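Report on one structure; see the data block that follows.
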Amino acid sequence: MSIAFLFPGQGAQAPGMGKDLYDKYDEIKKLYEDVKNITGIDVAKLTFESSEEELSQTKNTQIAILVMSLGILKILEKNGIKANTAAGLSLGEYTALIYGKAFNFEDGIKAVKKRGELMQEYVPEGKWLMAAILGLDDDKVEEVCKSVTSGFVTPANYNCVGQIVVSGDEKGIAELEEKAKEAGARKVAILKTSGPFHTEKLEQASKLLREELEKIEVKVPEIEVVKNIDAKPYTSNDNIKEILANHVTHPVRFSKSIEYMLQNGVDTFVEIGPGKTLTGFVKRISRDVKLININNVESLETAIAELK
């Protein structure tokens, strides 16, 4: 069995996520306490007691999803369950890098806190949206985006065959929705995010994130971590800090990341954190692999039994 861990990103959040895990496992409770001491944020209170609107603020979402995923990892590691390969969607790449020991725990937590704050604070003025386009291939979505004249819109996440997320302003997304349907899109769905993420509009956030990353040590991960930016594993030739800074202004190549892992023998994908989105993407790419989701106590215990 060749296992890859997958870590979700922004949009997977839901109020109360991980509460049963927090209540059951002392190790997870301690993790939340450690994060509170590092950041000053009571992530347990934020995740379990806040409204969907508050939790969906970028500065809150990113740290909340990260900590839930890291809590599940604690219990998997305690049970001797490891992965040789890891990847994440946007924010989830940081979880993968913390798992791979590219960051130490405290620096990884601080980096994600700062990333969330910068991505929220330096969103330009205007009404920004992200939308998933279902039923068109990559080339067609790129073509439709280029044809939009009334606003800004560009591909942001290449999730899987027939599902691409675009970022843009309200006018651009409205025109894109119409043109995508004319081009044969099955559906255009507006997502629970609040900025033009993975586009040039976050250049200032990218610049400031790079300055923050310069303050911490980042090493080549001890396991294979597949990058969003080019769907290849990090190596000693990579400037990891520059890649992570560019991450917020460049599209996520998640489908190609999965294809890379499949080509290199991964046969079991374990999604760790809220939702089931990433394994859904894998299923669209290949039906010949084992898919496991861990997002609560029941699914964690089932996964431990299957993977041990």
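Values in this text are rule-based calculations from the coordinates and carry no lab data. Note that the coordinates shown come from a computational prediction; the quantities given were computed from them, not determined experimentally. FYI the Cβ positions are ideal-geometry reconstructions off the backbone, even for glycines, and counts take in every protein chain you see.
Here are a few things to note about the model shown:
- Between GLU27 and GLU142, the FRET efficiency from the beta-carbon distance, with R0 = 41 Å, is close to 0.35.
- Applying a DSSP loop filter and a limit of 13 other Cβ atoms within 10 Å to the GluC sites (Glu not before Pro) in segment 1-52 leaves nothing.
- Share of alpha-carbon pairs per 10 Å distance bin for segment 218-300, given as whole %: 17, 41, 34, 8, 0
- FRET efficiency, 1/(1 + (r/R0)^6) with R0 22 Å, evaluated for SER236 and GLU211 via beta carbons: 0.40
- Here is the tail figure for the chain: Cα pairs spaced more than 32 Å apart come to 22 percent of all pairs.
- Each Lys and Arg adds +1 at its Cβ and each Asp and Glu adds -1 at its Cβ; summed about the Cα centre, segment 27-84 shows a dipole of about 340 debye.
- For segment 166-267, the convex hull spanned by the alpha carbon atoms encloses 146 Å³ per residue.
- For a straight C-alpha distance cut-off of 30 angstrom, the lysines reachable from LYS146 (same-chain residues fewer than eight places away being disregarded) are LYS127, LYS171, LYS179, LYS181, LYS187, LYS192, LYS201, LYS207, LYS227, LYS232, LYS256, LYS283.
- Where trypsin sites (Lys or Arg not before Pro) fall in DSSP loop in segment 260-299, at most 10 other Cβ within 10 Å: ARG287
- Sparse-neighbour loop sites [chymotrypsin sites (Phe, Trp or Tyr not before Pro); segment 93-131; at most 13 other C-beta within 10 Å; DSSP]: none
- With Cα atoms as the point set, the radius of gyration and Dmax of segment 1-150 evaluate to 17.3, 54 Å.
- Net dipole in debye of segment 128-190 [+1 Lys, Arg Cβ; -1 Asp, Glu Cβ; about Cα centre; nearest 20]: 140
- Debye log10 I(q)/I(0) for segment 128-190, one point scatterer per Cα, at q = 0.17 Å⁻¹: -0.42
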